[in-house]
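See structure below.
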Amino acid sequence: MSKKSFGKYLLYGIGEIILVVIGILIAININNFNEKKASEKRLETYLEIYKQDLEVDTIVVDQVLKYVDNRKEHFQLFLSDTVSAKAYKENPQGYGLTLSYFPFKLQQKGIGLLENYVNDTEIDQDTLISTILANHRIYENFINTSVERIGEDIDHNMNYLKEEQPWIANLLLGQLNHPDMIPYYLSENYRARLAVHSGLVYGNLEPQLKAIQIFYKETITQLNERLETK
């Protein structure tokens with residue numbers, strides 16, 4: 001082969017290599033673009049699921065707050081220094097204030113999907129997602145801890161009655177005329193138990209529920225704005 005022919009073949013070979021490299025780079029860019037679009041679509045789906053969870057939780061929190069608020073007057077009545085047997089007779093709800101509550105659980109699917117998405121995907125977190133991830137679990141942990149402590153307090157009160165007060169069966173059967181029942185409910189022992197339970201409900205749980213209620217409503221508004229622009 002002449003030097004001239006060899007030079008042509010060499011240039012041709014280099015050109016082929018360049019074309020292959022360009023093709024690979026184009027394919028990589030297309031693949032990255034497709035993956036980015038798929039990732040954005042997945043995030044949009046997760047945000048929609050999370051929004052639906054917040055809407056469900058908002059309803060639940062509203063119901064719990066109404067339940068708590070409806071009982072507040074009774075707590076105030078039976079914690080007063082002037083409470084009497086007549087008050088219990090006229091308001092039999094007072095017998096169960098330290099023995100019942102409104103059990104509930106917050107939704108987990110949406111926040112779990114968002115957390116996994118952020119952990120598995122290299123993305124620049126925007127303000128909305130950062131705010132959600134920074135605050136959701138904090139509110140949730142506070143509330144779960146309060147609910148757990150309320151449940152433990154109820155168990156403790158129930159066990160006390162079971163072991164120390166034989167009339168517990170009458171109470172659970174709705175038979176409220178046992179002669180030893182009223183003296184207990186007018187005692188300082190019960191008043192102390194009622195005060196502790198009131199503190200757990202109205203000092204801890206209620207303000208936490210109101211705080212997460214505000215967080216939910218603000219976040220739903222922001223999610224609606226985000227999803228409507230997609």
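The values are calculated or read from the model by the stated rules, or taken from the named source; none is laboratory data. All figures in this text were calculated on a predicted structure; none of them were measured in a lab. Counting neighbours? That spans all protein chains shown, and the Cβs are built from the backbone with ideal geometry, glycine included. These area figures cover heavy atoms from the full protein model, side chains too; ligands, DNA and RNA do not enter into them. Shrake-Rupley method; radii C 1.70, N 1.55, O 1.52, S 1.80 Å.
Is the range 161-184 home to any residue that is over 17 Å from residue 94 (Cα atoms) and among the small types (Gly, Ala, Ser)?
Checking the range 161-184: not a single residue is over 17 Å from residue 94 (Cα atoms) and among the small types (Gly, Ala, Ser).
Those residues that are in a helix (DSSP H, G or I), of a type in the set (A, V, I, L, M) and loosely packed, with under 15 Cβ neighbours inside 10 Å, I need them from the range 118-132; list them, please.
Passing the criteria: only 128.
Kindly indicate whether any position in the range 137-144 is within 22 Å of residue 104 (Cα to Cα) and open to solvent by less than 50 Å² (accessible area, probe 1.4 Å).
yes
Quick one: would you say residue 171 is among the aliphatic types (A, V, I, L, M), within 26 Å of residue 80 (Cβ to Cβ), out of contact with any Cys (no Cβ under 9 Å at 6 or more places or on another chain) and at pLDDT 95 or above?
Spelling it out, it is not the case that residue 171 is among the aliphatic types (A, V, I, L, M), within 26 Å of residue 80 (Cβ to Cβ), out of contact with any Cys (no Cβ under 9 Å at 6 or more places or on another chain) and at pLDDT 95 or above.
Can you find a residue in the range 158-177 that is surrounded by fewer than 11 Cβ atoms within 10 Å (Cβ to Cβ) and under 28 Å from the mean Cα position of the chain (by Cα)?
no
When you go through 206, 218, 225, 188 one by one, which is the residue that is over 17 Å from residue 99 (Cβ atoms), open to solvent by less than 30 Å² (accessible area, probe 1.4 Å) and not β-branched (Val, Ile, Thr)?
Unique residue meeting the criteria: 206.
Output the residues belonging to the range 80-105 that are outside any loop (DSSP other than H, G, I, E, B), open to solvent by less than 40 Å² (accessible area, probe 1.4 Å) and within 19 Å of residue 179 (Cβ to Cβ).
87, 88, 94, 95
Test residue 201 against the stated conditions and say whether it is open to solvent by 60 Å² or more (accessible area, probe 1.4 Å), in contact with a helix residue (DSSP H, G or I) (Cβ under 7 Å, 6 or more places away or on another chain), under 26 Å from residue 60 (Cα atoms) and not aromatic (Phe, Trp, Tyr).
no
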